[in-house]
Amino acid sequence: MSTTSSSERPVIGIGACLAGNPVRYNGQTKSANAHVRALADHFELRPFCPEMSAGLGVPRPPIHLVGETDAIRVLDVDTHAHDYTDALRDCARRFLDANTGVCGYILVKGSPSCGFDRVKRFNAAGNLVARDAQGMYASTLAELDPLLPLEDDERLNDPGLRESFVTRALTYHDWQQLCAQGLNAGRLVAFYSRYKYLVMAHDVPAYRHLGQMLADAGKHDPQVLGATFIRELMQALRRRATRRSHSNVLFHIAGYLKRRVQGEERQRLAGLIEQYRRGEVPLVVPVTMLKHHFANHPDAYIDNQVFLYPYPDELGLRNSL
Ligand code: SF4
């Protein structure tokens, strides 16, 4: 898999074994699925192996998670005499310090270090208790940067989770670019103005609340307001958009064409949105029709909506929604 560096591309962290490096405990790699590989064309995938970085080496004795959910430690499987918890937590700190522009992270299913969820947890006797934990490195990433979108390679097989991950990663990247310019009330309002319909598709109450939050943006410290705003926006995007909520947004956007597209063309557009809502065509179909109409009848507000252009079309993410 290509992990070519390009300063133009948003940066996503990835478990080094998934990126083709022989860093697993037994010196093997783990093959990335086609969906992970496809992301390498649009993102700079930055490989990192916390267990190697913590000095465990290859080959190394296997490790696992031990303890109650609120006091999990990472111990070697054979003796439970070596504790790697703090070293792995430190790796997360070092990764984030060294990669300030990272906007997402592809974790590795089932790993006691890099697992996103449902990682095996054992008791002190070494017996399996549950599959309910997050890998130690992964949970520390989430704790240190709650905005950072995380997924694992297997979950990315799900079209909805894949689309959500890419959308959130690019939103976070966009936000980081905004912060690099310097936050002020005008920029915050302009940023949200582009995201309104995307947020509406995921979470209508959050869409309204974010609008109210920015109504008197000029009266607040932009750093404090911005931190609250982006936390809520990223949280809203985690909610799964449905055919119903997408259709609602499609009809809202189509409303901007009322005076410009009429008669049969208008009916055809409404018909396509209805077909999408009923599950007969994927989301890409009505969105493509809307883009076609707005190419003929430009509208500055709609042309700026991230909902219509959330990620590169080549990823085909709306073909399966
Ligand atoms: S620690 Fe993470 S990156 Fe390293 S081999 Fe295990 S799963 Fe892969």
Degrees, to the nearest 10: 85-98 long Cα axis against longest axis of the chain: 40
For Val23, net neighbour charge (Lys/Arg +1, Asp/Glu -1) across residues whose Cβ lies under 11 Å away: +2
Among Asn33, Thr140, Ala98 - extreme Cα towards positive end, dipole of the range 1-149, charges at beta-carbon: Asn33
Computed [θ] at 222 nm, deg cm²/dmol, the chain (DSSP H ≥ 4; -39,500 (n - 2.57); rounded to nearest 500): -14500 deg cm²/dmol
Degrees between helix 159-181 axis and first principal axis of the chain (Cα, 0 to 90, nearest 10): 80
The range 11-157, dipole about Cα centre (Lys/Arg Cβ +1, Asp/Glu Cβ -1), debye to the nearest 20: 340
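Please give the charge dipole size of the chain, origin at the Cα centre, charges +1 on K and R Cβ atoms and -1 on D and E Cβ atoms. Round to the nearest 20 debye. Let's see the in-between values first.
Working: 38 positive and 35 negative charges, 200 e Å.
Its charge dipole is roughly 960 debye.
How would Tyr172, Tyr105 line up from fewest to most surrounding beta-carbon atoms within 10 angstrom?
Numbers: Tyr172 23, Tyr105 30.
With the sparsest Cβ surroundings first, the list reads Tyr172, Tyr105.
If you take every residue apart from Gly67 with its C-beta less than 9 Å away from the C-beta of Gly67, what net charge results, scoring Lys and Arg +1 and Asp and Glu -1?
Surrounding charge for Gly67 is 0.
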Loop GluC sites (Glu not before Pro), the range 212-321 (other Cβ atoms within 10 Å of the site Cβ: 10 or fewer; DSSP): Glu280
Of all DSSP beta bridges in the chain, antiparallel share, percent nearest 5: 40
Label-point gap, in nm, between Arg268 and Arg37 - each point 7 angstrom along Cα→Cβ: 3.8
Efficiency of FRET from Cβ geometry, Lys219 and Val285, R₀ 45 Å, rounded to 0.05: 0.55
Cα-centre dipole for the range 187-321 with unit charges at Cβ (Lys and Arg positive, Asp and Glu negative), debye to 20: 300
Within straight-line cross-link reach of Lys120, lysines at Cα separation under 16 Å, skipping those fewer than 8 residues along the same chain: Lys109
Between 0 and 90°, nearest 10: helix 222-238 axis offset from the chain longest Cα axis: 90
Nearest-0.05 FRET efficiency for Asn296 and Lys120, computed from C-beta distance (R0 56 Å): 0.50
Hits among lysines - C-alpha to C-alpha of Lys258 under 22 Å, sequence gap 8 or more where chains match: Lys196, Lys291
Per-residue Cβ neighbour rank within 10 angstrom, fewest leading, Glu154, Glu51, Glu44, Glu8: Glu8, Glu154, Glu44, Glu51
Selected from Leu45, Ala236, Leu269, residue furthest toward positive end of dipole (the chain; charges at beta carbon): Leu269
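Counting Lys +1, Arg +1, Asp -1, Glu -1, what net charge surrounds Leu233 among other residues with beta carbon under 12 Å of its beta carbon? Write out the running numbers ahead of the final one.
On the way: positive: Arg168, Arg194, Lys196, Arg231, Arg238, Arg239; negative: Asp174, Asp203, Glu232.
The answer is +3.
No value in this document is a laboratory result; all are computed from the given coordinates. It should be emphasised that the depicted structure is a prediction, and the values quoted were computed from it without experimental measurement. Here Cβ is always computed from backbone atoms with ideal geometry, including for glycine, and neighbour counts include all displayed protein chains.
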